Amino acid sequence: DSENLSFQLVDVLLVLAFGGHVAWTVKASSQCKQALSREIRPHSVAITEFGAVGDGVTLNTKAFQNAIFYLNSFSDKGGAKLFVPAGRWLTGSFDLISHLTLWLDKDAVILGSDNPDDWPVVEPLPSYGRGVELPGGRHRSLIYGRNLTDVIITGDNGTIDGQGSVWWNWFKRKTLDYTRPHLVELMNSTGVVISNLTFLNSPFWTIHPVYCSHVIVQNVTILAPLDSPNTDGINPDSSNDVCIEDCYISTGDDLIAIKSGWDEYGISFARPSTNIIIRRLIGHNRNGSGIAIGSEMSGGVSEVYAENLYFFDSSTAITIKTARGRGGYVRNIYILNVTLVGVDTAIRFDSTFSPHPDDFYDPNALPVIERITIKDVIGNNIKVAGLLKGIEGDTFHHVCLLNIALTVTSGSPWHCSHIQGYSAMVSPETCEPLKESIYPNHSSDCYHLSNHLRSSGNQNKGSWLHSW
């Protein structure tokens, strides 16, 4: 616990230190605020009313399950709130219900059990065909829900701690029987808000909305040791209308990874990720990316808008990961206002991310990568500006770089192959396939934000959020 606290304090101090340079870190959010009015619930109970003991030792799985079973009777009466007071509440996996607010007090800590039997094994996701790490099933997330409407996980910056070190050790020793669990996973759900909490030490990916729509993740802190395996922060997966705002993430892998299924299973399930907004994100990693798309993107990813990003002391800032056999597409991506300090690779397109679920994937299923615009990027102490590698016979098209200024320490700042696009005002000078100027002839070839997502002061601001 002292180790967790120490790196948490360091990270908070870093955010405070950067606050003077990055004014948007402390601005109140506007995009997602409307949804938070849904937190008012006419019925409320505390977990202690169901026999829970917050001593960090007593297993409270039954208390959580019984409380939520009881609250289900209020789901058609305006919904209900489950209050978790100060204390350390050890539990195994439990299910949420529709029209529920799970509220954590400032000093409340929900602790994941370190006994794998307390994390039941469930079927693999149909868009993956198997567990991500091992064939067969996967452990269910600590906080889980499926087929839900209007579910809120929030509080006064309480903490959900997956105590993932036991899982990381099993992974490193190759003694896992099933794929590791997420900290929070919601499936086939709509109207999801996750806000004002700290998430620590997830066994695997931290927050995983899959087959969901209208999802808000706002004002959360996600922390895991920089050497912890695959502890991604937020992974929208085959989900649409997702808004991620005002988050600080420091983990062992990607801070945000947008996915949509794996090879032939993702292709046949055909549920894309689309309309993803990310703004005011700060964080760092040593083994992943600030924002990644893929590598499992076989159902397609499109209409991604990310702005006001600050990544420091990181491996990679922006990545698209794919491979032969993936199929699918990544298109209409717009990333702007990015500040980088001490990043190994600023922009990376990696077409060799080729673990496959089984031998039944189609090696001729080639991904379509097109209309990627990255603009307004500044960076200091960058090792490599760009490693942009498409696939032979499958050129990545209409990649546009605009107003990028990087201080690069290597003598060879750009490496490009099987890529086509345009640029303007890029320093150091970009690679040959991107040297043709955007202006005056190619601005229409470069993807810009479509009107319904444009956010700067017009009436359509966040209009998709109001459609719930």
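Taking max minus min of the alpha-carbon positions on each principal axis, segment 46-191 gives extents of 44, 33, 24 Å, largest first.
For segment 372-381, putting each phi into the Karplus relation 6.51 cos²θ - 1.76 cosθ + 1.60 with θ = phi - 60° gives couplings of 10, 10, 10, 9, 6, 10, 10, x, 10, 6 Hz, in residue order, rounded to whole numbers and with x for Gly and Pro. Computed from backbone phi with θ = phi - 60° and the Karplus coefficients 6.51, -1.76 and 1.60, the 3J(HN,Hα) list for segment 131-142 is x, 4, 9, 9, x, x, x, 8, 6, 6, 5, 4 Hz; x is used for glycine and proline.
Per residue, the solvent-accessible area of segment 46-191 (1.4 Å probe, heavy atoms of protein chains only, all protein chains present) comes to 39 Å².
Each Lys or Arg adds one and each Asp or Glu subtracts one; over the other residues with Cβ under 11 Å from the Cβ of SER202, this totals -3.
Pair-distance distribution of the chain: all C-alpha pairs, bin width 20 Å, starting at 0; shares per bin in whole percent are 25, 58, 16, 0. Cross-linked pairs LYS62/LYS174; LYS174/LYS321; LYS174/LYS259; LYS321/LYS389; LYS81/LYS106: Cα-Cα separations exceed 20 Å for LYS62/LYS174; LYS174/LYS321; LYS174/LYS259.
Ignoring ligands, DNA and RNA, what percent of the accessible area of segment 254-451 is carbon or sulfur (1.4 Å)? In segment 254-451, the share of accessible area belonging to carbon and sulfur is 48 percent.
The values are calculated or read from the model by the stated rules, or taken from the named source; none is laboratory data. None of these values were measured; they are calculated from a predicted model. Please note: Cβ atoms are built from the backbone with ideal geometry, for glycine as well, and neighbour counts cover all protein chains shown. What goes into the accessible areas is simple: the full protein's heavy atoms, side chains included, and nothing from ligands, DNA or RNA. Shrake-Rupley method; radii C 1.70, N 1.55, O 1.52, S 1.80 Å.
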